[in-house]
Structure formats: C-alpha cells, structure tokens
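Notes to accompany the following structure.
Please treat every number below as a calculation from the coordinates, not as lab data. Given the structure is predicted, the values throughout are model-derived calculations rather than measurements. When we count neighbours, we look across all protein chains shown, and the Cβ atoms used for this are built from the backbone with ideal geometry, even at glycine.
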Amino acid sequence: MLGGGGAGKMIEDKERLCELAEKLKVIAHPVRLCIVRGLWRKGCCNVTFMQECLEVPQSTVSQHLGKLRQAGIIQGERNGLEICYSLKDPLIEEVMKLMFEEDKV
C-alpha cells in the first residue's frame with residue numbers, strides 16, 4: 001500500500017528500490033531476457049552458442065552481455081580463449097524461476 005504510515009519506509013528503501021528497478025530495466029530487453037533465461041536454464045554458455053541460438057551477430061550479443069555484466073546480473077569465467085557466462089545475481093535467478101519455471105526442461 002502506498003499511503004499511510006509506510007511512507008517513511010519507502011524513503012529508507014529508495015536506494016534499494018532504485019537498484020532493483022535498474023536490474024529489471026536491464027533484463028526488460030527481449031534479447032537480454034532471452035540471454036538471462038538461457039543462462040538460467042543451461043547454467044553456463046559462451047558467446048558463440050548464444051549467437052547461434054539468438055540468430056543475431058556476435059557484436060550484438062557482446063553488447064547485451066556487457067550491459068548484463070555491468071548491472072551485476074551475469075559473470076564470465078575465462079577458459080583459454082573462451083569465456084563461459086553464467087548468472088551471478090541470485091535475485092535474478094528467482095525472477096527467472098517465477099517467470100519460467102514451467103518452461104524449464
């Protein structure tokens with residue numbers, strides 16, 4: 001509820017709410033949401049795999065990965081020349097679970 005005595009609490013939580021809203025904005029793009037959902041389902045994958053699944057240029061995937069990494073949603077682990085990306089933020093994993101649990105194979 002927005003009115004009443006809880007208004008002070010909203011102000012106290014403003015920084016956290018802004019952080020959460022920013023993360024939701026980042027994953028709100030269809031390509032980024034697809035990447036995050038894919039990482040949630042698969043656990044870890046590289047840019048080439050994502051590029052083939054999304055059918056977009058590698059540069060496009062890299063741009064979206066950069067935004068997701070900058071927001072703290074994903075992380076990359078280098079293995080030789082390859083970087084394997086995975087979800088980093090447990091909250092985003094919960095969001096994926098709420099949105100796509102019935103789709104997970």
Given Cα pairs under 8 Å that are at least 6 residues apart, what percent is the relative contact order of the chain?
26
Place a point 7 Å from the Cα of C53 along the Cα-to-Cβ direction; which residues of segment 74-105 have their backbone N under 17 Å from it?
74-77, 83-89, 92-105
Treating only the Cβ atoms of Lys and Arg (+1) and Asp and Glu (-1) as charged, compute the dipole magnitude of the chain about its Cα centre; round to the nearest 20 debye.
140
May I ask for the distance between the Cα centers of segment 17-39 and segment 70-93, given as a whole number of Å?
14
Can you check what the net charge comes to around V26, using other residues whose Cβ is under 13 Å from the Cβ of V26 (Lys, Arg +1; Asp, Glu -1)?
+3
Under a 10 Å cutoff between Cα atoms, tell me which one of G43, G80, G66 has the largest fluctuation in the Gaussian network model of the chain.
G80
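Divide, for the chain, the radius of gyration over alpha carbons by 2.2 N^0.38 Å, where N is the residue count.
Values: Rg = 16.1 Å, N = 105, 2.2 N^0.38 = 12.9 Å.
For the chain, the normalised Cα radius of gyration comes out at 1.25.
Expected output is a single nm value to one decimal: the length gained when fully extending between T60 and I83, i.e. 0.36 nm times separation in residues minus the C-alpha distance. What is it?
Taking 0.36 nm per residue and subtracting the Cα distance, the gain is 6.7 nm.
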Cα-Cα over 18 Å: which of K67/K97; K23/K97; K14/K97?
K67/K97; K14/K97
